[in-house]
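Every number here is computed from the coordinates shown, using simple stated rules; none is lab data. Nothing here was measured: the structure is a model prediction, and the numbers come from that model. No Cβ is skipped: glycine too gets one built from the backbone with ideal geometry, and neighbour counts run over all protein chains shown.
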Amino acid sequence: MKIQHVITTLGVGGAEKHLLDLAGGQVERGHEVRVAYLKGEGELTKDFEARDVTVLRLVDSLPHGWFQIPYLSTVVDLRSSLADALSVFGPDILHTHLLKADSLGVLAANRARIGAIISSKHNDERALLKWPVSLIHGYLAKSVARTIALSDHVARFTAEHGRVPAVLIQRIYYGVDAERLAPRRRRSEVRAELGLAEDVPVLICVGRLAAQKDHPTLLAALAELPAEVQLLIVGGDPFGDGETRLAALADRLGLGGRARFLGIRHDVPDLLGASDLFVLPSLWEGLGLVFLEAMAARLPIVASNVSAIPEVVEDGTTGWLVPPGDPGALARAVSTALADEEGRRAAGEAGYDRLVRLFGLPRMIDETMKVYEEVLS
């Protein structure tokens, strides 16, 4: 097949890394795959190209806001650029990812007369809670042959707030290559590079420095934990000042150097392997690829009990789930986990087993290709 993916950015995020694995796997199966993105610096471009996926950047920047004149003007230009690219490539499938790319994909496909459109929902998109956006989304979704939701939670959210008929939604869990995500370097070596003693309790949080991830609750919880507990914060905020604001909050909480902001890293598996506990108190998650990355490193998890997280993290078996926005509950769960070395080891092994059973990469690609074949038949 000829497959054209469209996504909002190619930054280092869950949806983008998922697409890298999906597109790369499709190329390995003999398909011709292209990816177009709307905005940002395209940090993962070289990763896609290394897997023989052609990458197209449509514009230099995309204004914020759905109803602002600059945004609407840019959408017209984007539609023309993407429609032209589709006309030249002539894909069998147009597969869109994330809300703005979903909308643009439909507009461009209608102009280029591309009939087979698939939309992937990677999150419970909060914009859909606004009735004008929901209404427009439902109208545009009439041109989409099938919507893929990465979790049961996202499927229900998309049906209710995205106005997509449930019969046209199929849940396909993310899939990852557990072997590829395994740590490659020794724990002691990575800790030595970070200046961390072997016996220091180390928490790690991987994710965009966005409000959704609720880093303030994590920092407040850290302030309640013993002074020897260290926190590695991995991730960036390419479109905002998240790191500056969070670093200022850490100072106000008197955390000193206990909270380390490492930025975007390309050795996340090694950092996970050097840590004792993965902690992410998100306010919502479509699924959370980072949880799968932690499970691949056999790292137990403490997370918030919201949206799709319970579909991934099994409370009491692969980790500990707590109410969202509650620093005290988060600190108590972390304390419980850190005090039980054998319990952490068992949770990490159970998480790895769950990953292999439910979230394998070949299964994800198989199920996605089956959707393509069904809409083309």
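Data table
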| item | result |
| --- | --- |
| The stretch 291-310-the stretch 244-274 distance, computed between alpha-carbon centres (Å) | 19 Å |
| GNM top mover of PRO183, PRO132, PRO216 - the chain, alpha-carbon springs below 10 Å | PRO132 |
| Cβ-based net charge around VAL371, under 12 Å, with every Lys or Arg adding one and every Asp or Glu removing one | -1 |
| Choice from GLY30, GLY236, GLY325 showing the highest fluctuation, given a GNM over the chain with Cα pairs closer than 10 Å | GLY30 |
| Candidates VAL167, VAL334, VAL154: whichever shows maximal mean-square fluctuation once the chain is modelled as a Gaussian network with Cα springs under 10 Å | VAL167 |
| Shape parameters for the chain, alpha-carbon atoms, Rg then Dmax in Å | 20.8, 61 |
| Backbone N within the stretch 257-298 under 17 Å of label point (7 Å from GLU179 Cα along the Cβ vector) | 296-298 |
| The stretch 124-165 residues near the modelled SER377 label - backbone nitrogen below 17 Å, point 7 Å along Cα→Cβ | 145-147 |
| Sequence-distant residues sharing a close amide H with ALA36 (under 5 Å, placed H) | HIS5, VAL6, ILE7, LEU56 |
| Compactness of the stretch 187-358 as Cα Rg over 2.2 N^0.38 Å, two decimals | 0.94 |
| Neighbour-limited loop hits for trypsin sites (Lys or Arg not before Pro), the stretch 137-223 (at most 12 other Cβ within 10 Å; DSSP other than H, G, I, E, B) | ARG180, ARG184, ARG186 |
| Along the chain, longest interval not containing exposed GluC sites (Glu not before Pro), exposed being DSSP loop plus at most 15 other Cβ atoms within 10 Å | 42-178 |
| Karplus-derived 3J(HN,Hα), 6.51/-1.76/1.60, for each residue of the stretch 331-343, Hz, glycine and proline x | 4, 5, 5, 5, 4, 4, 5, 5, 7, 10, 4, 5, x |
| Sum of -39500 (n - 2.57) over DSSP H runs of 4+, divided by residues of the chain (222 nm, nearest 500) | -13500 deg cm²/dmol |
